[in-house]
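Remarks on the structure that follows.
The values are calculated or read from the model by the stated rules, or taken from the named source; none is laboratory data. Keep in mind the model is a prediction, meaning the values are calculated, not measured. Ligands, DNA and RNA are stripped out before the accessible areas are found, and what is left, the full protein with its side chains, is counted by its heavy atoms. Shrake-Rupley method; radii C 1.70, N 1.55, O 1.52, S 1.80 Å.
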Amino acid sequence: MLSSEAVDLLNNELPLEQDSLLLSGDATNGLVLVDVVNCFCTVGAGNLAPRYPDQQISGMVNESVRLARVFSEKKWPMFAFLDSHHPDIPEHPYPPHCIAGTDESRLVPALQWLENEPNVTLRCKDCIDGFLGSVEKDGSNVFVDWVKNNQIKVILVLGICTDICVLDFVCSALSARNRGFLTPLEDVVVYSGGCATFDLPVHVASSIKGALAHPQELMHHIGLYMAKGRGAKVVSKVSFGMVKEA
């Protein structure tokens with residue numbers, strides 16, 4: 001865990017102002033969940049799973065469930081990426097993880113009800129970047145089609161890891177939006193309380209050959225900071241409003 005001095009230095013040198021987001025039925029909203037699967041979130045569920053209960057990850061899961069319930073009630077579109085790898089095709093530099101066909105690559109138990117929701121699109125991906133992982137053999141893109149078919153103007157992004165899969169997807173989505181590939185998408189919003197990353201302190205990483213230190217709080221902050229620098233809106237609060245009368 002970072003010292004209070006390190007946290008103060010981080011906030012002073014890389015200040016991150018966060019807004020709040022009010023979602024209403026006036027615009028078409030879409031919820032994107034990135035890799036809220038057992039292997040990244042459930043204690044002991046795989047090589048990259050937390051070894052002990054983790055407050056940041058648990059908070060992300062709770063917020064994912066809360067917002068998914070609201071989107072379900074409103075029948076708003078949702079898109080869930082599921083990291084899923086063939087056991088014989090490694091993803092360097094990571095050890096085998098999220099093995100296809102196992103519980104590792106399934107949504108966490110609290111979200112498995114999404115598998116039967118009619119307004120949810122599930123996408124198994126075998127790479128970090130979900131946007132690239134949505135490309136089909138014929139060149140079409142499942143995520144792009146989802147945005148266009150639902151006429152989505154705002155996507156709200158949650159998931160894990162803030163600085164890896166979430167960030168890569170957000171950056172690609174922003175680039176695609178800027179190139180006009182995601183019309184009518186206007187805003188890519190990252191909810192900080194609905195994102196998390198893993199913790200690998202320096203003293204632990206130093207005992208693992210080839211490992212890079214990955215302090216959780218620092219890398220979470222950097223992931224959010226980078227996303228905002230690329231053009232995403234970063235928010236610390238998400239609320240819902242009534243549809244305006246015509």
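Using alpha carbons only, what's the Rg to Rh ratio of segment 65-132 with Rh from Kirkwood?
Working: Rg = 13.5 Å, Rh = 13.1 Å.
Using only Cα positions, Rg/Rh for segment 65-132 is 1.03.
For Gln18 and Glu117 in one chain, what is 0.36 nm times their gap in residues minus the Cα-Cα distance, to one decimal in nm?
32.5 nm
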Candidate aspartates and glutamates for bridging to Lys233, where Cα separation is under 16 Å - those fewer than 8 sequence places away on the same chain excluded: Glu17, Asp19, Asp163, Asp168, Glu186, Asp187
Please give the solvent-accessible surface of Trp76 in Å², to the nearest 10, using a probe radius of 1.4 Å with every protein chain present. 40
Using amide H atoms built in the peptide plane, which far-off residues or other-chain residues are under 5 Å from Leu23 H to H? Ser239, Phe240, Gly241
Provide the per-residue ³J(HN,Hα) series for segment 64-75, in order, calculated from phi with Karplus coefficients 6.51, -1.76, 1.60 and θ = phi - 60°, each as a whole number of Hz, with x at glycine and proline positions. 4, 5, 4, 6, 4, 4, 5, 4, 5, 4, 8, 6
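Could you pull out the pairs from Lys74/Lys125; Lys125/Lys153; Lys125/Lys237 whose alpha carbons sit more than 31 Å apart here?
On the way: Lys74/Lys125 27 Å; Lys125/Lys153 24 Å; Lys125/Lys237 29 Å.
As for pairs spanning more than 31 Å Cα to Cα, there are none.
Quick check: convex hull over the Cα atoms of the chain, volume per residue in Å³, rounded to an integer? Can you show the working numbers first?
On the way: hull volume 33.7 nm³, N = 246.
Measuring per residue, one finds 137 Å³ for the Cα hull of the chain.
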